[in-house]
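Below: the structure, in structure tokens.
The values are calculated or read from the model by the stated rules, or taken from the named source; none is laboratory data. These figures come from a predicted structure and were not determined experimentally. Methodologically, a virtual Cβ is constructed for each residue, glycine included, from the backbone with ideal geometry; neighbour enumeration extends over all protein chains shown.
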Amino acid sequence: LLADDGSVAVTIFAEMSALAARTGAINLGQGFPDVDGPEYVKQAAIRAIEEGRNQYAPGDGVPELRRAIADHQKRHYGLDVDPDTEVLVTTGATEALTASVLALTRPGDEVLTLEPFYDSHAAAIGMSGATHVTAPLLPGPDGFRLDVDALRAAASPRLRMILLNSPHNPTGAVLTRDELAAVAAVAEEHDAIVVTDEVYEHLTFGAEHIPIATLPGMATRTLTISSSGKTFSFTGWKVGWLHGPADLVTAVRTVKQYLTYTSGAPFQPAIALALADDDTPRALTASLAGRRDLLCAGLEAAGFTVTRPAGTYFVMADASGLLGRLGLRDGVELCRRLPELAGVVAIPAAAFCRAGSPTASALAAHVRFTFVKQEAVLREGATRLAGLG
Ligand code: PMP
Ligand code: GLN
């Protein structure tokens, strides 16, 4: 799965989904729902196609979507966002992240992420030539928590950007106000920009999602990223966005125009409609809470130790208790063999860590499962995993 330097030729998600397809295994690896978002949103996109919205959308996104994003941020978080100067529609959150890192960092700068981290965060830093430094997020009695002392220690005078992610993929952690305040203090001390990936903002189970841009003084140094893929179950449409201070957004737009210029013209008005709808994400979250419990129970019955996620649609499972019995070394080996042993695909935590890092060692026996699948699929997955031990 992983080259010696930790790189993968194709993303871990593409590789593991191909493995699932090839072996007929249940794919609890790549995080995408097996039920589409609402019919009325699909119909809105179809209407937009029929009405002829099929040529390039404006580079910063169609006005109704930019307005809907600003309204959403005001309604949910009290953030004041100018839809004309402070919003940029992107090709998924992925482009927002990559364009932000490319626009705002250069070789020699340091970019700090949590570790484990979502794979494209590290790839974006790699493409920019900046140096990637990390602060660990490790499991304890209260779930995966940020080591605040390690965070402070990781920040040097060369720190240019903190690339945050909460609710956090792959751990399911939702950063607390205290953790966010510690991040904000480090950003202020080093005059760093914060780029925050909040694609799972609505998918929390009791924990409060707090955008770091709402902390005192942070709106002026923060770019907030989200995406319709997770919130409305249209991952294939790749409609994402960011917002923040106009000068930072302008810098990102400059890069974005040479990456894709624009995309998804007929999908943008449909997502504008969806963004006014708080019932759809609420219903998704309610049903995900039950599916989380179902998968966690199945994993525990199979011999894993799970850290119950407070958000996202992923759960980290510690396979330490199983590896010896199965004669396997670590989570990477387990994920390679899991299709054959149990007919299930999962992702090793190592894919979200730097090769050989202390966090990679701490999480060597961990694997990530997704529960954004229909209950029957999760039940079948749990039954298959029960045969493991
Ligand atoms: N950030 C995180 C943390 C993710 O899990 C994902 C996966 N969807 C993305 C970004 C990418 O989002 P998009 O599909 O909108 O590019
Ligand atoms: N975000 C999804 C996950 O973590 C994968 C998206 C992708 O394949 N790039 O599983």
Original post:
Given the conditions (1) farther than 22 Å from Y200 by Cα; (2) away from ligand 2 (no atom under 16 Å from the Cβ), and given that A21 satisfies all but one, which numbered condition is not satisfied?
Top reply: (2)
Subject >> Single residue of the range 292-333 satisfying the filter (of a type in the set (A, V, I, L, M) and touching an Asp or Glu at 6+ places or on another chain (Cβ under 8 Å)) that is surrounded by the most Cβ atoms within 10 Å (Cβ to Cβ) >> reply: V306
**OP:** Determine, yes or no, whether A122 is among the hydrophobic types (A, V, I, L, M, F, W, C), assigned by TED's automatic domain parsing to the domain that holds V183 and over 21 Å from the mean Cα position of the chain (by Cα).
**Re:** no
Subject >> Residue among T262, T231, T235, T280 that is surrounded by fewer than 21 Cβ atoms within 10 Å (Cβ to Cβ), under 21 Å from the mean Cα position of the chain (by Cα) and within 16 Å of ligand 1 (Cβ to nearest atom) >> reply: T235
**OP:** Among what's in the range 8-53 and is more than 23 Å from R384 (Cα to Cα) and of a type in the set (K, R), pick the residue that is farthest from ligand 1 (Cβ to nearest atom).
**Re:** R47
Original post:
Is it true that some residue in the range 134-144 is assigned by TED's automatic domain parsing to the domain that holds I212, over 16 Å from A96 (Cβ atoms) and of a type in the set (S, T, N, Q)?
Top reply: yes
Original post:
Residues G389, G321: which one is small (G, A, S), part of a helix (DSSP H, G or I) and touching a residue at least 12 places away in the same chain (Cβ under 8 Å)?
Top reply: G321
Subject >> Residue list for the range 176-202, filter: crowded, with 19+ Cβ neighbours inside 10 Å and either closer than 20 Å to S120 by Cα or charged (D, E, K, R) (or both) >> reply: E179, I193, V194, V195, T196, D197, E198, V199, Y200, E201
Original post:
What are the residues in the range 117-148 that are in a loop (DSSP other than H, G, I, E, B) and within 12 Å of ligand 1 (Cβ to nearest atom), if any?
Top reply: F117, Y118
Subject >> All positions within the range 331-347 that are part of a helix (DSSP H, G or I) and within 15 Å of ligand 2 (Cβ to nearest atom) >> reply: C335
**OP:** Working only within the range 95-116, note down all residues that are out of contact with any strand residue (DSSP E or B) (no Cβ under 7 Å at 6 or more places or on another chain), assigned to a loop (DSSP other than H, G, I, E, B) and of a type outside the set (K, R).
**Re:** P107, G108
**OP:** Mind listing just one residue for me: the one in the range 238-252 that is surrounded by fewer than 24 Cβ atoms within 10 Å (Cβ to Cβ) and touching a helix residue (DSSP H, G or I) at 6+ places or on another chain (Cβ under 8 Å) and, of those, farthest from G92 (Cα to Cα)?
**Re:** P245
Original post:
With respect to T220, is the statement that it is free of Cβ contacts under 8 Å to residues at least 60 places away in the same chain and either in the same structural domain as V345 (by TED's automatic domain parsing) or among the β-branched types (V, I, T) (or both) true?
Top reply: yes
Original post:
Can you find even one residue in the range 35-49 that is more than 26 Å from H202 (Cβ to Cβ) and in the same structural domain as T171 (by TED's automatic domain parsing)?
Top reply: yes
**OP:** List the number of the failed condition for T98; all other conditions in (1) more than 12 Å from K256 (Cα to Cα); (2) within 16 Å of ligand 2 (Cβ to nearest atom); (3) surrounded by 24 or more Cβ atoms within 10 Å (Cβ to Cβ) hold.
**Re:** (1)
Subject >> Subset of the range 334-389 [crowded, with 18+ Cβ neighbours inside 10 Å and charged (D, E, K, R)] >> reply: R354, R368, K373, R384
Original post:
Based on what the data block shows, is G244 within 16 Å of ligand 1 (Cβ to nearest atom) and either without any contact (Cβ under 8 Å) to a residue 60 or more places away in the chain or among the small types (G, A, S) (or both)?
Top reply: no
Original post:
Taking the stated definitions as given, is P141 surrounded by fewer than 18 Cβ atoms within 10 Å (Cβ to Cβ) and under 19 Å from G311 (Cβ atoms)?
Top reply: yes
Subject >> Filter result for the condition that a residue is over 30 Å from R160 (Cβ atoms) and either among the basic types (K, R) or surrounded by fewer than 19 Cβ atoms within 10 Å (Cβ to Cβ) (or both), over A289, A274 >> reply: A289
Original post:
Across the range 348-385, what is the total count of residues that are in a helix (DSSP H, G or I) and closer than 19 Å to R308 by Cβ?
Top reply: 9
